Structures are given as C-alpha cells and as structure tokens.
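What follows is one structure encoded as structure tokens, with my remarks underneath.
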C-alpha cells in the first residue's frame, strides 16, 4: 500500500524535473535566437539616401563618379554631364546602401581579408553628403550561398552581406543609360514599311488596279511603279515585329559617324527598316474648315492623321547575339534581341507573296469558261451559273482553290501545256479578263499561271478533283 501511495509522487517529481530542464533549454534557445537575430540585423551603413550628394563606384569597368545637382534636382555623371543617366539606378543603389545590414558578423580583424577577396575588392562604393562624410565600402568574393564579404574603410570588422548591393555595383556605365524612347505605334496606324530594300504599302479596300481579288490590302511597290499583291497574314507578322522593336540595352550612348563601323552601322553595311505611320492629332482639316454645314462641336472634335516616319539601322551582333540598332531619331547605338530583327530581315519574299488564287470578287464576274481535256464549259454567263445542276458544285470547288506555297526557283517552272484553264470575264476598270492555267508541277502540286505570271503552287488533289468532275459532265 505504501508503494502505491509513493509512486504518484515519484512520477510527479520526474515530470517536474523534466519541465525545469525543458524550460532551461527553451530560455537558452530563445536567447540564442535573439542573439542570432540581432547579429543578422546588424547595421553596416545607416544614413538618409536623400542626404547623399556624391557617389563613386569602382568595378571591373573602372571608376565612375556621380554628383547630385541641387539646382536641377538631378543626378549627373561627373565626367560627362550630358550622359543620359537613368537616375533610378543611383536612387535605388543609395536606398540599398543606406540601409545595409549584415547577414553575418564574421570577425573583428582584417588579418585574413585575403581569404575573403577583400585585399583586391571586386566592388568599391564611396558616398558622401550633408550628413555622411566619406563612407567607403569594400566588397570581395562571394561564397557558396551567394552572399558577399565586405568591410568598411576605417573598420576592422568583416561582414557577410546579401547579393543585392554587389549586383547593383557590377553595372557598367552603359547599363546606367536611360534608353531612348521609341514611339508606341499600333499596327493599324502603319501605312508603309520598308525592309530588305523593298517597300510595302497598305491600301484600304484593296488596290483594284493591280489586283483582281478583293482580299488583299498590302502590296509591294515594284521598280516600275506598279504594285504586287502580298499575303496579308505574312506581312502582318513582319509588321508586328517592326512595331514591337524595343531596346534592351545600350552599347554606345553618343556614337560618332566614325565609330559606326565597329557596330556594322556604317552606310555600306547597315540594313534599313523603315516604318511609316499615322499619328491622330486634334485639328481641323481644310475641307472641314470650308464646309458651312459643319457644326462647331463637330469641328472641335475633329482629328487629323499626321504621317510620321522612323528608320532603324541594323548592324552586326554583339557577343550575346543581340543586334546593334540605331534609329533616325537618336544618337545612341542600342541593343535589340535577335528574334525580333530576324523575324523582319529573315522574311523571304516568296513567302510574302499573296497566295490568293481565285479570291475574285464574284459580284463583278460576267462569265467563266473552263477548259480541260480538249473540252470547253461555259460555267457562267451574264453573271449567272448556266446550269446549277451541272456546274454549281464545280463552280464552288474552283473558287475554293487556294495556294499552298510559292515557287522559289523560277527555273523549276514547267513549260508544258496546262491541264486546266479557267478564264473569267469581269466588270472591272483594270481587269477585263483573268486567265488561270493549271500545269502539273510535280507529284504533289500544280503550278498556277495567272495572266502570264507563274508563282503559286496548289495541292494536286484539289485540281485533279475539278478535272475529274469535268470528265463526268456530258
């Protein structure tokens, strides 16, 4: 009985001792955590960034100095006040520097600084101002965690800091350039583009003088002043890249004519990309000014489209594969990613040609004659299908033919008689007759000759289907 009464007290005593031990460990742990936290938040530099007036940065590019112009409230590059400095770089840098804390306090001696790369620092930052007198921070190597070793001039303490400030200090002068601004242009406002020595123009509603279809808006301007229809989708792909040109960096902020050669931007080597576009501005057109029926509100709300133009000169590539580009509106040599420029200059002319074969405006068709296998069929007369039972399906198939690709090598054109000929007579000021001849090109395609011009290839099965239907018509 006595043992049973004593046992609960023994258990309670053991639990009490365990609680005391746990409490001691907890107190010790919390103390260590407080010390660690205090150590991690140890301030290295403490100042107001707005009070800094002078900044000096030394890295692998050399030493760069910047001064704050109080009268103009702007930061300037000391060696060239005309340098287009991106001020946010300096202000952000100072915000980081003036609140710099240690990730770890390593030691209070400089005897071993060579182990940290601090005997030959990667970066040096010096700042001074109204409330700060010549504070200089040296930053050495990084370690496996991505942090860097650092110490202040005049101090014997070596710290570990995170990578934010070192990465900012690693910039070259050209990384600090405020990039030239480019106009923001919508593709719908562009009326002409030029690349690879060719000019392409947009025609609202098409260009009936040089196109028998009603579906093309972009045309290549030929050397003789005529126009050739282009594929809308393909041109729009190029146009999207042109309006999407954006600078990702600067190679030289104020290049001279003599220096252009090293970037491939001299007159003999530079490639041109021209963008012509409209900017909608408020104003009153001459026609509206002279119109007596125009109300005052309509005149005030009137806008006019003013033509603008910008030319991009494309040079060689840098070591990262980006292109050197200079615009007609700037003095700097900038960088543009290769994909953007390649999408423009790499567009092959054969891929840009309109692939519309029979996208003819059927409302103006007066007659259509189809010939195959020595037989002729009058499918349309006086604007109507002559026999819907015989020709309606055939008529739809013929008008549904589209090109699959273009002939890139003119020597491959087959000089043989066509197996299918479709001749339209149309009510048009410029095209009275449109003749399309289909000749077998190879085992997969027929070539199409339209009014004597052979460029397009259509799938063989589509043409064979039409010829087969003609053979079944009595």
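We did not get these values from a lab; they are worked out from the coordinates using the rules stated. If you're wondering where the values come from, they're calculated on a predicted model, not measured in any experiment. Here Cβ is always computed from backbone atoms with ideal geometry, including for glycine, and neighbour counts include all displayed protein chains.
Across the chain, Cα pairs under 8 Å and at least six residues apart give a relative contact order of 9 percent. Translational diffusion coefficient of the range 141-215 (Stokes-Einstein, Kirkwood radius from Cα pairs, 10 °C, 1.306 mPa s): 84 µm²/s. The ellipsoid that matches the Cα gyration tensor of the range 331-383 has semi-axes, each √(5λ) in whole angstrom, of 49, 15, 6, with the longest given first.
Between the range 184-259 and the range 103-155, what's the alpha-carbon centroid distance in Å? Cα centres, the range 184-259 to the range 103-155: 54 Å.
With both labels modelled 7 Å from their Cα along Cα-to-Cβ, the residue 350 to residue 178 distance reads 4.9 nm. Taking a quarter of the surface of the Cα convex hull of the range 434-474 gives a mean projected area of 3.2 nm². Pairs of C-alpha atoms in the range 187-352 farther apart than 25 Å represent 45 percent of all such pairs. The per residue volume of the convex hull around the alpha-carbon atoms of the range 49-176 is 104 Å³. Against the chain, whose longest principal axis comes from its Cα atoms, helix 388-399 is set at around 40 degrees.
Using only Cα atoms, tell me the angle between helix 232-243 and the longest principal axis of the chain; keep it within 0 to 90° and round to the nearest 10. Between helix and principal axis, roughly 30 degrees.
Rounded to the nearest 0.05, the FRET efficiency derived from the C-beta distance between residue 396 and residue 86 at R0 = 41 Å is 0.10.
Listing 224, 95, 464 from fewest to most neighbouring C-beta atoms within 10 Å gives 224, 95, 464. Here the range 182-226 is described by how far its Cα atoms reach on the three principal axes: 38, 23, 12 Å, from widest to narrowest. Reported value for the range 125-275: 211 Å³ per residue, from the convex hull of its C-alpha atoms.
Note that the range 362-471, at 20 °C in a medium of 1.002 mPa s, gets a Stokes-Einstein diffusion coefficient of 149 µm²/s from its Kirkwood radius over C-alpha pairs.
With the convex hull of its Cα atoms as the shape, the range 300-353 has an orientation-averaged projected area of 6.7 nm².
Computed over every Cα-Cα pair of the range 69-116 and binned at 5 Å starting from 0, the pair-distance distribution P(r) comes out as 4, 14, 15, 16, 12, 9, 10, 13, 6, 0 percent.
For the chain, the equivalent ellipsoid derived from the Cα gyration tensor has semi-axes of 73, 36, 24 Å, listed largest first. Compared with the dominant Cα axis of the chain, that is its longest principal axis, helix 2-40 is turned about 70°.
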